[in-house]
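The values are calculated or read from the model by the stated rules, or taken from the named source; none is laboratory data. Quick caveat: nothing in here was measured; it's all calculated off a predicted structure. Counting neighbours? That spans all protein chains shown, and the Cβs are built from the backbone with ideal geometry, glycine included. We work out accessible area using only protein heavy atoms, side chains counted, and drop any ligands, DNA or RNA first. Shrake-Rupley method; radii C 1.70, N 1.55, O 1.52, S 1.80 Å.
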Amino acid sequence: MNGSAKPLFVDWDPATRDVSALKAVLDEGLAQYRRDYAAYYERHRREGSPPMRDPNPTVVLVPGLGMIAWAKSKSESRVTAEFYNCAIEVMRGAEAIDRYEAMDPQEAFDIEYWSLEEAKLRRLPPERELDRRVVVVVGAGAGIGKAAAHRLAEEGAHLVCVDREEEPARETAGEIVARHGEGIGVAGTGISNCGPAVALRSDITDRESVRRMLSEALIAYGGLDAVVVTAGVFVPPDIEGRIEDRQWALTFGVNVTGAYVVADEANRVFQEQGLPASVVLTTSANAVVAKKGSIAYDTSKAAANHLVRELAVEMAPLVRVNAVAPATVLKGSSRFPRDRVVASLVKYGIAFEETDTTEELREKLATFYAERSLTRSPVEPEDQAEAILLLVTDRLAKTTGHVIPVDGGLADGFLR
């Protein structure tokens, strides 16, 4: 709680269930709270006092809803709430015996703005680039999505790790928690107590599933700053080189329609928040390079490229929409099981042994792909994660509607 030692009490009648009225009262209450805090600072500051700190409340009480605790991270907001609950218990205990008397305001101010406290605050490390931000990564269970989730967490973001199956999402979220802090949650099992990461399941071909996932993300963290979609599907043709209609529909359902549904539902949240936000999709170098054996995948990614441009127009000016376009990424990819890798090795005449592990086979194929690029280096999930990080941060705040190739340099993929 800040130095005024008061929460913000919102004068709202919950019986009306009027959310617009609640928002108006909150706006008025926050403005008045800041003015009151500034007056508190001016009344009690001494010569040489540190500059006024953040005048916003860290505890907000809403009748009929409860308490909202604010801080720069989930764990700190939880501590704030616990401190306030303890303070209430102290007051209740004092009132049970006699009556509670608050600390003298000048004494409270002198503690808050104590020179040693100020020195301690100045020694804190600077905030990371994505501190205070919440990012949903769809496809976080493996490959590019997992690498992106880890990279964004390193820069301070709170992660909502989403996958079609819950277990891979939980694994990624658990890794982030183990590295960056305590607390992991899943909807229905204590999600509100999550720390730097939460795991959720969603089928992006089902709009209601996406809507439910975003609602649970908001319950976990209270807001949303960016959405990254790395989920995708590749359906190989049959032995005669044909793709069945249902396989074509599935490919477009995930790679195009699914990406659109996630962005469209996230945009509802962004517009309601009224804050700048970012969407990053994953397309492919195949979107601009026609080749045999992947007609459904390649055309779906070409559509996804244009989807990026259309979404950028539709969601401007509040939301930026961009994409990364990788070449084939084998490392950690769930879309490259052993049989598909073996088929590619045979197709390209690359020698291998049946005793080779799947990862060794993937490495042989990745090396072959690398030799076809200008940089002669394999494209890995971490390479995509760096580009995604760049687009999620404010470093490219004036860039929207663009697709960034991360393909090692494929001359065939240069736009004409």
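Would you kindly identify the strands (runs of 3 or more DSSP E) lying entirely within the stretch 148-201 that contain at least 3 residues that are at pLDDT below 95?
Qualifying strands (runs of 3 or more DSSP E): 184-186.
In the list GLU154, GLU171, which residue meets the criterion of being farther than 26 Å from ASP206 by Cβ and charged (D, E, K, R)?
GLU154
Working carefully through the options ARG53, ARG45, ARG78, find the one that is touching a Phe, Trp or Tyr at 6+ places or on another chain (Cβ under 9 Å) and within 26 Å of ARG133 (Cβ to Cβ).
ARG53
Suppose we filter LEU311, LEU307, LEU365, LEU281 for residues that are under 24 Å from the mean Cα position of the chain (by Cα), under 18 Å from ILE144 (Cα atoms) and open to solvent by less than 40 Å² (accessible area, probe 1.4 Å); which single one remains? Give the steps one after another, and end with the answer.
On the way: LEU311 fails: under 18 Å from ILE144 (Cα atoms); LEU307 fails: under 18 Å from ILE144 (Cα atoms); LEU365 fails: under 24 Å from the mean Cα position of the chain (by Cα).
The unique qualifying residue is LEU281.
Report the residue count in the stretch 256-289 for those that are of a type in the set (Val, Ile, Thr), in a helix (DSSP H, G or I) and within 27 Å of LEU318 (Cβ to Cβ).
5
Looking at the stretch 244-255, I want the residues that are farther than 14 Å from SER294 by Cα and have a partner that is not in a helix (DSSP H, G or I) with Cβ atoms under 7 Å, at least 6 apart or on another chain. Which pairs are those?
Listed pairs, sorted by first residue: GLY253/THR205; VAL254/ILE204; VAL254/THR205; VAL254/ALA231; VAL254/GLY232; VAL254/VAL233.
Suppose we filter LEU22, LEU30 for residues that are open to solvent by less than 50 Å² (accessible area, probe 1.4 Å), more than 28 Å from GLU118 (Cα to Cα), assigned to a helix (DSSP H, G or I) and not β-branched (Val, Ile, Thr); which single one remains? Give the derivation first.
Values: LEU30 fails: more than 28 Å from GLU118 (Cα to Cα).
Step by step, each of LEU22, LEU30 is checked, and only LEU22 is open to solvent by less than 50 Å² (accessible area, probe 1.4 Å), more than 28 Å from GLU118 (Cα to Cα), assigned to a helix (DSSP H, G or I) and not β-branched (Val, Ile, Thr).
Does ASP407 fit the bill of being among the acidic types (Asp, Glu), crowded, with 18+ Cβ neighbours inside 10 Å and in contact with a helix residue (DSSP H, G or I) (Cβ under 8 Å, 6 or more places away or on another chain)? Steps first, answer last, please.
On the way: among the acidic types (Asp, Glu): yes; crowded, with 18+ Cβ neighbours inside 10 Å: yes; in contact with a helix residue (DSSP H, G or I) (Cβ under 8 Å, 6 or more places away or on another chain): yes.
When the stated conditions are applied, ASP407 passes them.
Can you pull out every residue in the stretch 88-103 that is closer than 25 Å to GLU42 by Cβ and modelled with pLDDT of 90 or more?
none
In the stretch 38-60, which residues are under 19 Å from SER115 (Cβ atoms) and assigned to a loop (DSSP other than H, G, I, E, B)?
The answer is ARG45, ARG46, GLU47, GLY48, SER49, PRO50, PRO51, MET52, ARG53, ASP54.
Given (1) of a type in the set (A, V, I, L, M); (2) in contact with a strand residue (DSSP E or B) (Cβ under 9 Å, 6 or more places away or on another chain); (3) under 26 Å from LEU415 (Cβ atoms); (4) open to solvent by 10 Å² or more (accessible area, probe 1.4 Å), identify the lone condition not met by ALA316.
The failed condition is (2).
Can you name every residue in the stretch 62-75 that is open to solvent by less than 40 Å² (accessible area, probe 1.4 Å) and either hydroxyl-bearing (Ser, Thr, Tyr) or modelled with pLDDT of 90 or more (or both)?
Listed by number, the residues that qualify are VAL62, PRO63, GLY66, ALA69, SER73.
Here is a check on your reading of the model: is ALA140 touching a residue at least 40 places away in the same chain (Cβ under 8 Å), under 26 Å from VAL256 (Cα atoms) and either acidic (Asp, Glu) or in a helix (DSSP H, G or I) (or both)?
No, not satisfied.
When only residues in the stretch 290-327 that are hydroxyl-bearing (Ser, Thr, Tyr) and assigned to a helix (DSSP H, G or I) count, which is nearest to VAL261 (Cα to Cα)? Break it down stepwise before answering.
Residues of the stretch 290-327 hydroxyl-bearing (Ser, Thr, Tyr): 294, 297, 299-300.
In the following step, the residues that additionally are assigned to a helix (DSSP H, G or I) were identified as 297, 299-300.
Working: TYR297: 18, THR299: 19, SER300: 15 Å.
Taking the candidates together, the pick is SER300.
For the stretch 33-56, how many residues are closer than 27 Å to ALA197 by Cβ and surrounded by 13 or more Cβ atoms within 10 Å (Cβ to Cβ)? Quick ask: steps written out before the conclusion?
First, pick out the residues of the stretch 33-56 that are closer than 27 Å to ALA197 by Cβ: 54, 56.
Cutting the leftovers down to surrounded by 13 or more Cβ atoms within 10 Å (Cβ to Cβ) gives us 56.
Within the stretch 33-56, residues that are closer than 27 Å to ALA197 by Cβ and surrounded by 13 or more Cβ atoms within 10 Å (Cβ to Cβ) number 1.
If I filter the stretch 76-123 down to residues being charged (D, E, K, R) and assigned to a loop (DSSP other than H, G, I, E, B), which single residue comes out as most open to solvent (accessible area, probe 1.4 Å)?
Looking at residues that are charged (D, E, K, R) and assigned to a loop (DSSP other than H, G, I, E, B), I get ARG123.
Working carefully through the options ARG212, ARG242, find the one that is of a type outside the set (Val, Ile, Thr), at pLDDT 95 or above, out of contact with any Gly (no Cβ under 8 Å at 6 or more places or on another chain) and open to solvent by 20 Å² or more (accessible area, probe 1.4 Å).
Among ARG212, ARG242, only ARG212 is of a type outside the set (Val, Ile, Thr), at pLDDT 95 or above, out of contact with any Gly (no Cβ under 8 Å at 6 or more places or on another chain) and open to solvent by 20 Å² or more (accessible area, probe 1.4 Å).
Return yes or no: is GLU127 outside any helix (DSSP H, G or I) and at pLDDT below 95?
Criteria met by GLU127.
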